[in-house]
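Have a look at the structure below before the remarks.
The values are calculated or read from the model by the stated rules, or taken from the named source; none is laboratory data. Computed from a predicted structure; not experimentally measured. Neighbour counts are summed over all protein chains in view; Cβ atoms, including those assigned to glycine, are modelled from backbone coordinates with ideal geometry. When the accessible area is computed, the model is the full protein with side chains, heavy atoms only, and any ligands, DNA or RNA have been set aside. Shrake-Rupley method; radii C 1.70, N 1.55, O 1.52, S 1.80 Å.
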Amino acid sequence: MIKAILVFNNHGKPRFLRFYQHYPEDTQQQIVRETFHLVSRRDENVCNFLEGGSLIGGSDYKLIYRHYATLYFVFCVDSSESELGILDLIQVFVETLDKCFENVCELDLIFNVDKVHYILHEVVMGGMVLETNMNEVITQFEAQSKLEKSEAGFSAAPARAVSAMKSMNFPELPRNINIGDLNIKVPNLSNFA
């Protein structure tokens, strides 16, 4: 099971955090600092997994990470997870982010945290892996984006309708309408404008 997903930059600043077990905020910050120190000091030519830090479970948990450009993607997992499977999952997550944001960068994670959470929830939920097919995740993300755009159109529709009504020039309304035996008196609506 996945215990936490941490994304931080080369300076140790967290850019995206997802804990699947409750930790107080100060403990979360300590976990990020400890994990950064463990991961950033490793040579590039060593394997991408190591024992978890003392705050996140010690030897009972493993830190599995990938370093892309300026970002470290670290998954903290228990012994039931396959190291190579998690490395592949990190690759799927990063490639999905890259396709959804068109060359993802650190700023995309900062300014679109809701979308990153949505993508992650398609891949992992509650610490369990749900989907590893990148195309399926992208399809769901695009459907969600389309839905959000259509809902944004609905929420703006009343304001656009009022604006359009105010800008329309209506001719003078007749005061009395006679249709056969029916005589209708139209009230003066100019008092309501």
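General remarks:
- Contour excess over end-to-end distance, with Cα ends at Lys146 and Glu95 and 0.36 nm allotted per residue: 16.3 nm
- Protein-only accessible surface order, largest first, of His11, His37 at 1.4 Å: His11, His37
- Segments 126-135, 80-89 sorted - mean Cβ within 10 Å per residue, highest first: 80-89, 126-135
- Candidate residues His67, His22: accessible-area rank, largest first, probe 1.4 Å: His22, His67
- Shape call, the range 1-62: gyration tensor on alpha carbons, a/c limit 1.5: oblate
- In this label model, Thr139 and Met125 are separated by 1.7 nm, measuring between points 7 Å along each Cα→Cβ vector.
- Local electrostatic count, Glu102, Cβ distance below 14 Å [Lys/Arg +1, Asp/Glu -1]: -2
- Amide H to amide H, with H built 1.01 Å from N, Arg15 comes under 5 Å of Val7, Phe8, Asn9, counting only residues 5 or more places away or on other chains.
- Ratio Rg/Rh [Cα only; Rh per Kirkwood] for the range 2-153: 0.97
- Take the Cα of Arg18, step 7 Å toward its Cβ, do the same at Thr132, and the gap between the two points is 1.7 nm.
- Arg42/Asn103 FRET efficiency (R0 35 Å; Cβ-Cβ; nearest 0.05): 0.85
- Summary value for the range 2-153: 21 percent relative contact order, contacts being C-alpha pairs under 8 angstrom separated by 6+ residues.
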